[in-house]
Amino acid sequence: MYKKLVIQTIIYSIGFVFPRIVNYFFLKFFTVFFKREEFSLYTDMYALSFIVIGFLSFGLENTYFRFLYKKNYNKEIVFSTGVIIQLLVSSFFLVVSINLIKYLSFIAGYHHHSEYFFMFFFIIFFDTICVLPMAWLRANDKPIQYSTISIVNILIQSLLIIYLFFYSDNIFYGKNTFFFFIFRWINSFTDKIGYIFFSNMISSLVNLFLILPILLKKVTIKKFNKTMAIEMLNYGIPIMIGTIAFSINENLDKILIKRWVSDEINGSYSACYKIASFMSLYLRIFRLGIEPFFFKKSKDSDAIYFYEEIIYMFILFGLIFYVLICGNINIFMEFLIDKKYHVAISIIPIIMMGNLFLGIYTNLSIFYKIIDKPIIGTYISLIGVFITFLFNAIFIFISIDNSFMIPAWGTFTSYGFMLIVLYIWGKKQFLQFCNKKIKNIVMHFLFALFIVFMIKKEIKFSFLLQFLYLIIIFFLEKKRLFNLIK
């Protein structure tokens, strides 16, 4: 029953995983090439930008999927209305931010590098415009096109980074070539960290050109519906607040560690956090293939059955993923980041489990979106943000060795508490099926944590314990696993 869904998810995964694999390759390159304080600047700019993107998104991606499958809604009008809203919001942001660039860069502590902000404003502008066209590809079952655009995007960015860094190190010696003049122009207004941002900006622009045919063909002013626009905004704004809350949960620690402790510690913390984000990679792959399916099935009588099975499988594979990463953490660390960044390795299992909690929460949250009550997610997300602020406040006032562990536990607690709150609410309102499998889910969690604990205690038996874990899981869940290929 899942065959088509699995195939599409695999194709989407190629388009999503390949760019991330390339990024992890560059993670090793950057951690070797940059000092920890330089790497901190690189990650800090992205941390700040993610919070802005959360605001500009207006929750329109989820809103688009929800309105697309509502009865009596014209799909082309839904798409045109959503894109025009996004274009107006993004254009307003770009104009205002460019005019305030000196003040914003000074407030953020980058008054000597306002060009960073200039480039990021355009990255954010291009990327937000591309959100709904990329969602359109997913909604119309075009995983090959989606993946192709993603791969072209990362290849362009990667080639530009390699080109700029090689020229800066005099690996290319042609001084009178066209490529040298381009390099000299870029080098005249930014530094090596800025090379990364410039490459991202160009790749985002190319991404916009690649999806431009969709915009030109599908979007017209005549298909803009004011009434629907208001409905979409009313539905999307609570999701937007939840997205901002998520961005704060993910990035506040890195922003504060840089400004309250040091760039060196933040560089290590951020690099190790990227290893922990393997779990987010798994979550995103799952959502790419499954989320449109969730909305499509919402009208069917057997929707609950499919949701139950899919979410159960998500948890099962998430825990397998967790055990395998934690069981081989030293190998991943050695391969992906330079040794000088290993100071914060202890945060990885904590952040990974927190991200798994987030993944389960995200999948369960589809229920309040389907019944058109995204405000529930807003309230729960604000609770999570409060917990994040609380832990980070403690972190600020406690200056001890390894104090960066406090924000890591804040991420874990925030997402865990959000999941518990959603479960308690859903148990009474909508998620009756949770009662049927909660014992199995708890058992899987306890078993996975036990294996990770034993691996840490008896590291020489790591591979044997992982193999034993996989064998036991296979025999416990073989019926469901075989159903995946039917």
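Things worth noting here:
- The mean accessible area for residues of the chain, using a 1.4 Å probe and ignoring ligands and nucleic acids, is 46 Å² per residue.
- Extension gain (nm, one decimal) between Ile331 and Phe92, 0.36 nm per residue minus Cα-Cα: 81.4 nm
- Accessible surface of the chain, 1.4 Å probe, proportion on carbon and sulfur as whole %: 71
- Set Lys258/Lys460; Lys258/Lys339; Lys102/Lys274; Lys192/Lys254; Lys70/Lys223 screened for pairs whose C-alpha atoms are more than 27 Å apart: Lys258/Lys460; Lys102/Lys274
- Once the gyration tensor of the Cα atoms in region 1-101 is diagonalised, the equivalent ellipsoid follows with semi-axes of 33, 26, 9 Å, ordered largest first.
- Spin-label model, Lys456/Tyr103: points 7 Å from Cα along the beta carbon direction are separated by 4.7 nm.
- DSSP loop chymotrypsin sites (Phe, Trp or Tyr not before Pro) with at most 13 other Cβ within 10 Å excluded, longest remaining stretch of the chain: 190-486
- Rounded to the nearest 20 debye, the dipole magnitude of the chain is 1480 debye, with +1 charges on Lys and Arg beta carbons, -1 on Asp and Glu beta carbons, and the Cα centre as origin.
- Residue-averaged [θ]222 nm for the chain, counting only DSSP H segments that reach four residues, each worth -39500 (n - 2.57): -28500 deg cm²/dmol
- With both labels modelled 7 Å from their Cα along Cα-to-Cβ, the Trp260 to Phe18 distance reads 4.2 nm.
- Inter-label distance, nm, simple model (7 Å from Cα along the C-beta direction), Leu159/Phe397: 5.5
- Added length on full extension, which subtracts the Cα-Cα distance from 0.36 nm per residue, Phe181 to Phe55: 41.6 nm
- Net +/- balance of residues flanking Thr411 in space, Cβ distance below 9 Å, scoring K and R +1, D and E -1: -2
- Using the Stokes-Einstein relation with a Kirkwood hydrodynamic radius computed over Cα pairs, the translational diffusion coefficient of the chain at 10 °C and a viscosity of 1.306 mPa s comes to 67 µm²/s.
- Backbone N within region 239-278 under 19 Å of label point (7 Å from Leu382 Cα along the Cβ vector): 239-250
- Taking other residues whose beta carbon is less than 9 angstrom from the beta carbon of Thr43, and scoring Lys, Arg as +1 and Asp, Glu as -1, yields +2.
- Residue-span extension gain [Lys75 to Lys35] - 0.36 nm each, minus C-alpha spacing: 9.4 nm
The values are calculated or read from the model by the stated rules, or taken from the named source; none is laboratory data. None of the values given here were measured: they were computed from a predicted structure. For neighbour counting, all protein chains shown are included, and Cβ atoms are generated from backbone atoms with ideal geometry for every residue, glycine included. Note: accessible area is taken over every heavy atom of the protein model, side chains too, but ligands, DNA and RNA are not part of it. Shrake-Rupley method; radii C 1.70, N 1.55, O 1.52, S 1.80 Å.
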